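**Q** The structure that follows is given in the form of structure tokens.
The values are calculated or read from the model by the stated rules, or taken from the named source; none is laboratory data. What you are looking at is a predicted structure, and each value in this text was computed from that prediction instead of being measured. Note that each Cβ is placed from the backbone with ideal geometry, even for glycine, and that neighbours are counted across all protein chains shown. Keep in mind that these areas ignore ligands, DNA and RNA; they rest on the heavy atoms of the full protein, side chains included. Shrake-Rupley method; radii C 1.70, N 1.55, O 1.52, S 1.80 Å.
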Amino acid sequence: MSGSMAEAGKIGVLNRCIASMIRSFAGEDTIRGEIVVGVVTFGGTEARLHQPIAPATEVAWQDMAPFGRTPLGQAFDLANALLADESVISRRAFLPTLVLVSDGLPTDEWREPLDRLLASSRGGKAMRLAVGVGQDMDEDAFDVLHAFIDNPAIQPVRADDAHLLSRYFSWVTMSVTQRARSPRPNDVSQISREELDDLLG
């Protein structure tokens, strides 16, 4: 997470939201298998695997800390490598949900890494969601989020304050668990933007 995430308590709210989401996933009992989670952070000079991909029931969440710059291109490449590694994610696993959280513009070259992610089998078919956090998100920053989602039916969300970020992650949690319960879990068209709009008011 970049250093600017320390402002206005954004990183604390984000940590609480992710911890709550993981607890919800851990309590989800489906006949189709477990929900697994992983978290890539991008701050300072590099992207890092903050939470290795693991079943939610096995995750003991460690809070993220904000620092440095915003190397988003590195994060895209790292996520792409993880999705392609069958020793990490089985070929039989359902298509993933990728959630991008950012509060500003990338500080590295991001377009080619994103193109590689979108051209990959799992990255291109994933349900991709994005939220811009805080007042500093301008049009250029939201263009990056739009490019990541790459789906006119799904728009990035702006969360200018803490309660909106919490509501957004409640919706992400609900969307993922609904897919896990569905007889068609690989159908990423099942998400309901209307439910999100209701939550955000």
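**Q** May I ask you to list the residues in region 128-182 that are touching a residue at least 24 places away in the same chain (Cβ under 8 Å) and among the hydroxyl-bearing types (Ser, Thr, Tyr)?
**A** Ser166, Tyr168, Ser170, Thr173, Ser175, Thr177
**Q** Restricting the search to region 52-104, which residues are over 22 Å from Val131 (Cα atoms) and among the basic types (Lys, Arg)?
**A** Passing the criteria: Arg91, Arg92.
**Q** Further question on the same structure: If you go through region 119-136, how many residues are buried (at least 17 other Cβ atoms within 10 Å of the Cβ) and farther than 13 Å from Pro96 by Cα?
**A** Narrowing region 119-136 to residues buried (at least 17 other Cβ atoms within 10 Å of the Cβ): 122-123, 126-134.
Then drop every residue that is not farther than 13 Å from Pro96 by Cα, which leaves 130-134.
So the answer is 5.
**Q** When only residues in region 137-162 that are touching a strand residue (DSSP E or B) at 6+ places or on another chain (Cβ under 6 Å) and β-branched (Val, Ile, Thr) count, which is surrounded by the most Cβ atoms within 10 Å (Cβ to Cβ)?
**A** Val157
**Q** Would you call Ser175 small (Gly, Ala, Ser), within 21 Å of Gly12 (Cβ to Cβ) and at pLDDT 85 or above?
**A** Working: small (Gly, Ala, Ser): yes; within 21 Å of Gly12 (Cβ to Cβ): no; at pLDDT 85 or above: yes.
No, not satisfied.
**Q** Right, another one. Going by what's in this entry, would Leu105 be described as open to solvent by 60 Å² or more (accessible area, probe 1.4 Å) and either assigned to a strand (DSSP E or B) or basic (Lys, Arg) (or both)?
**A** Values: open to solvent by 60 Å² or more (accessible area, probe 1.4 Å): yes; either assigned to a strand (DSSP E or B) or basic (Lys, Arg) (or both): no.
Here the answer is no, as Leu105 does not meet what is asked.
**Q** Moving to a separate point now. Give the residue that is modelled with the lowest pLDDT, with candidates limited to residues of region 178-201 that are within 18 Å of Val131 (Cβ to Cβ), open to solvent by less than 60 Å² (accessible area, probe 1.4 Å) and part of a helix (DSSP H, G or I). Even if it seems obvious, please write down each step before you answer.
**A** Going through region 178-201, the residues within 18 Å of Val131 (Cβ to Cβ) turn out to be 188, 191-201.
Filter once more, so that each one left must be open to solvent by less than 60 Å² (accessible area, probe 1.4 Å): 188, 191-192, 196, 200.
Narrowing further to those that are part of a helix (DSSP H, G or I): 188, 196, 200.
Details: Val188: 65, Leu196: 63, Leu200: 60.
Per the stated criteria, the residue is Leu200.
**Q** I'd like the full set of residues that are loosely packed, with under 14 Cβ neighbours inside 10 Å and either of a type outside the set (D, E, K, R) or in contact with a helix residue (DSSP H, G or I) (Cβ under 8 Å, 6 or more places away or on another chain) (or both), limited to region 85-102. It would help to see each step written out before you state the result.
**A** Pass one, region 85-102, residues loosely packed, with under 14 Cβ neighbours inside 10 Å: 85-87, 90-92.
Matches in region 85-102: Ser87, Ser90.
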